[in-house]
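Reading through the structure tokens given below for one structure.
The values are calculated or read from the model by the stated rules, or taken from the named source; none is laboratory data. Everything numeric in this text was worked out from a predicted model, so none of it was measured. Note: ideal-geometry Cβ built from the backbone for every residue, glycine included; neighbour counts use all protein chains shown.
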């Protein structure tokens with residue numbers, strides 16, 4: 001990779017420190033901006049990365065045109081980027097499939113919440129600007145500009161690509177999306193390593209995010225599925241089956257990857273790479289089909305077994321039901337308790353818990369803060385707590401937030417140490433294991449949390 005004129009100022013070990021600094025900035029100032037101000041906060045946090053990257057370049061005395069190299073994009077480069085973007089998108093699908101198959105189901109709710117946060121309050125043009133264009137410029141300036149410049153002295157290009165791919169995956173701070181974002185980060189790094197042109201990585205980043213925006217927008221036009229329904233359905237998906245489906249659909253990714261690499265770097269292209277890519281594609285095609293087949297057969301067998309057992313036990317609810325709607329399937333008169341728990345900090349452990357409950361026909365709000373030095377937090381770790389009786393009008397407001405939400409089978413513990421939020425709904429007509437709750441929309445969830453924070457009893 002082409003080095004800076006004063007490369008000694010930026011050593012590889014410094015790159016790890018700078019990346020850690022950007023991550024800390026994201027988890028503190030960036031997270032606060034987004035949590036407090038929503039979409040405007042997201043915009044501000046992205047611009048913050050751009051400003052810090054440029055300031056770092058100036059402070060370190062590095063030429064801007066070297067840290068952020070800009071060159072003319074040739075026709076071959078353009079089509080190479082487009083094909084690599086398609087390959088990265090397909091490989092990212094497989095990455096998501098792997099994550100869905102190995103991670104606990106509680107992580108899946110993040111997908112719906114993130115989608116609702118990004119796409120639920122903007123029109124198409126705003127989504128393109130905020131979700132596609134802004135990250136393509138700001139995040140690339142940070143990663144492929146500022147951070148990557150520290151690793152230009154490494155002689156093995158694949159080492160640089162690997163390091164930067166892992167960095168990009170970590171920066172998204174999501175176990176579920178780590179593999180998919182790491183793949184994208186690696187491909188974008190490859191472009192800058194080979195062509196020393198940050199415009200190429202920006203272009204691929206834009207294409208990737210624009211594809212997500214376009215697909216989400218089209219889905220919103222033709223789908224009538226609510227956020228709660230989407231979350232419930234995602235929770236019920238067999239992760240291994242999804243992995244098989246994604247491998248099957250993405251079988252062309254290896255060939256596309258080699259084709260894109262050939263267009264970007266013809267000088268070092270080797271014809272045998274297509275043979276290897278073809279073999280990997282065949283493995284993905286037949287392997288994915290096999291995984292899907294086995295998964296479907298196992299699911300059918302489990303369904304038959306469950307059906308046979310259900311005839312003996314004669315359950316009160318249908319085995320076909322996987323969720324219940326609050327207000328429709330569960331009337332207001334049956335409501336008894338509702339818990340909302342979110343981690344304020346995972347290290348050191350701290351969480352806020354709100355409990356809405358009914359006693360003698362009256363509604364109450366209970367709040368507690370737990371702080372400690374390790375998970376799980378127990379009752380002895382409660383530092384602040386209190387209960388306040390709700391007026392009839394306030395109780396009506398609470399019910400308006402909860403009504404329309406869905407209750408499904410409970411999976412993970414609220415005190416396991418994840419960020420949450422963890423929501424559990426209980427009723428006098430308890431549907432056994434059906435206790436895990438999802439709001440009708442991400443907006444309702446935000447409004448409920450803000451309402452509780454404003455009504456907690458003063459200590």
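Things worth noting here:
- So residue 237, is it assigned by TED's automatic domain parsing to the domain that holds residue 66, at pLDDT 90 or above and in contact with a helix residue (DSSP H, G or I) (Cβ under 9 Å, 6 or more places away or on another chain): no
- Test result for residue 226, assigned by TED's automatic domain parsing to the domain that holds residue 50 and at pLDDT 85 or above: no
- Index of the failed condition, residue 277 passing every other in (1) closer than 13 Å to residue 91 by Cβ; (2) at pLDDT below 95: (2)
- Cβ pairs under 8 Å, 6+ apart, first in the stretch 171-182 and not assigned by TED's automatic domain parsing to the domain that holds residue 93, second at pLDDT 95 or above: none
- Counted residues, the stretch 321-365 - those being at pLDDT 85 or above and not in a strand (DSSP E or B): 9
One line per residue, one yes/no per condition, for (1) at pLDDT below 90; (2) under 20 Å from residue 357 (Cβ atoms); (3) touching a strand residue (DSSP E or B) at 6+ places or on another chain (Cβ under 7 Å); (4) assigned to a strand (DSSP E or B):
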residue	(1), (2), (3), (4)
393	no, yes, no, no
396	no, yes, no, no
399	no, yes, no, no
411	yes, no, yes, no
424	yes, yes, yes, yes
445	yes, yes, no, no
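- Residue check for residue 73: assigned by TED's automatic domain parsing to the domain that holds residue 134 and closer than 18 Å to residue 143 by Cβ: no
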